[in-house]
Every structure is written in C-alpha cells, then in structure tokens.
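One structure is given below, encoded as structure tokens.
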Amino acid sequence: MKTLRTLQALPLSLAAAALLALAGCATPAMGPTASADLLPTTGNTASGTVQFAQLGDTVRVSGTIKGLKPNAEHGFHIHEKGDCSSGDGMSAGGHFNPTGAKHGHAGDPGIHAGDLPSLKADSTGTATFSAELRGIAVGSGMTDVVGRGLIVHAMPDDYVTQPTGNSGGRLACAVIVKR
C-alpha cells in the first residue's frame with residue numbers, strides 16, 4: 001500500500017516509469033531463442049514446430065505437434081546430434097546428456113539435459129505444450145541445445161529405463177537452430 005501511495009504522489013511520467021521498473025523485476029528478460037521444425041520419419045505423419053527461449057536460468061520450450069496417435073502419450077527428447085538424415089531418425093544419436101546424468105522426469109534434479117516432458121495428444125492427434133525447464137540453455141554452455149536433434153517417440157516415456165525411457169521408435173526428427 002505504501003508503494004501505491006508513493007507512486008500516486010509522483011508526476012504521471014515518473015509513476016509510469018516506476019511501475020515499468022517494478023514489472024521488469026518480476027519477469028526475466030528473454031535471451032537467445034531457437035526453434036526446431038519437426039518432420040516425419042519414414043512411414044510416419046508427426047510434424048510441428050517447437051520454440052526454445054532462454055528466460056534467465058530457465059528455458060521455455062513450447063510448440064504444437066500434429067499427426068500423433070490420438071489420445072496417446074509420446075516420449076519427447078533432445079538428442080545428441082543435429083542430424084535427421086536417416087529415414088528412421090537414428091542419425092540423431094542418443095539422448096543429449098553432457099553431464100552423464102540419469103534419465104528421468106523433465107524438471108527433476110539430476111536428470112540429463114535431453115529429458116523433456118512427454119507429449120499428450122488430444123483426440124485429433126495434436127499436442128500443444130509449454131514448459132519452463134532448468135538444465136538446458138540456448139546459445140551457450142555445455143547444455144546448449146542449439147545444433148542438437150529433437151525427437152518425438154512412438155510410445156510414452158516410462159521415466160525409469162536407462163538411458164532412454166523405453167519410448168520406442170522415432171516418429172519425427174528436427175535440428176534445433178538459433179533464431
């Protein structure tokens with residue numbers, strides 16, 4: 001309440017500047033961004049676009065993926081190689097794991113950088129998602145996702161099987177590029 005009274009006593013331009021400064025403290029400035037255009041692997045239909053935005057010490061990962069099995073869950077991971085040249089997506093290598101950590105739920109401490117939240121397709125086979133994650137970065141450091149692969153898997157991630165989560169085949173592949 002004291003802050004509001006103080007702002008009311010200031011000239012309008014100063015009060016507006018003070019409010020903007022306070023608002024800036026609540027939201028981290030957006031840093032580097034990247035995106036990935038998922039294309040289906042041979043015989044599959046999954047495709048979509050995923051955005052990565054550095055927000056302080058977290059990265060917002062968001063997007064929409066279509067062509068998934070309706071009402072199903074799909075494993076979703078960053079892979080070590082930005083290579084989608086093979087028809088089955090295997091050229092993207094294994095999960096991105098620069099720290100040698102265990103596979104697990106995205107956001108849990110001590111898991112590897114490639115772990116993303118599973119995708120949940122609706123009745124039309126579309127998954128729309130947004131998550132803020134620690135343990136990855138856009139544009140710098142050992143956990144930088146730029147130049148890595150992004151894979152949508154056929155089955156749900158069991159979050160237990162090491163090092164993959166037993167997510168099955170690769171439905172779509174993309175290379176993460178800086179924007």
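Throughout, read-outs are computed from the coordinates displayed, never taken from laboratory work. It should be emphasised that the depicted structure is a prediction, and the values quoted were computed from it without experimental measurement. Note that we place each Cβ from the backbone using ideal geometry, even for glycine, and neighbour counts take in every protein chain shown.
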Mind checking the full-extension length gain between K66 and S35? Use 0.36 nm per residue of separation minus the Cα-Cα distance, one decimal, nm. 9.5 nm
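Rank the residues M90, M30, M142 as a footprinting-exposure proxy: fewest other Cβ atoms within 10 Å of their Cβ go first. Before the final figure, lay out each step's value.
On the way: M90 18, M30 12, M142 8.
Ascending number of Cβ neighbours within 10 Å: M142, M30, M90.
Return a whole-number percent for the relative contact order of the range 54-104, with Cα pairs under 8 Å and 6 or more residues apart as the contact set. Each step should come with its number before you reach the end.
Numbers: 28 pairs, mean separation 12.2, N = 51.
With pairs under 8 Å counted, the relative contact order is 24 percent.
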When the Debye formula is applied to the Cα atoms of the range 72-179, each taken as the same point scatterer, what base-10 log of I(q)/I(0) results at q = 0.11, 0.23 Å⁻¹? -0.30, -1.37
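If Lys and Arg each add +1 and Asp and Glu each add -1, what is the summed charge of the other residues whose beta carbon sits under 13 Å from the beta carbon of P109?
On the way: positive: K102, R134; negative: D108, D115.
Result for the local shell: 0.
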Taking amide H atoms as placed 1.01 Å from N in the peptide plane, list the residues 5 or more away in sequence, or in a different chain, whose amide H sits under 5 Å from that of G139. V145, V146
What ranking do 75-83, 133-141, 152-160 get when scored by the average of other Cβ atoms within 10 Å per residue, highest first? 75-83, 152-160, 133-141
So how far, in whole Å, is the C-alpha centre of the range 46-82 from the one of the range 120-179? 5
Distance in nm between pseudo-label sites at S86 and S130 (7 Å out along the Cβ direction from Cα): 3.6
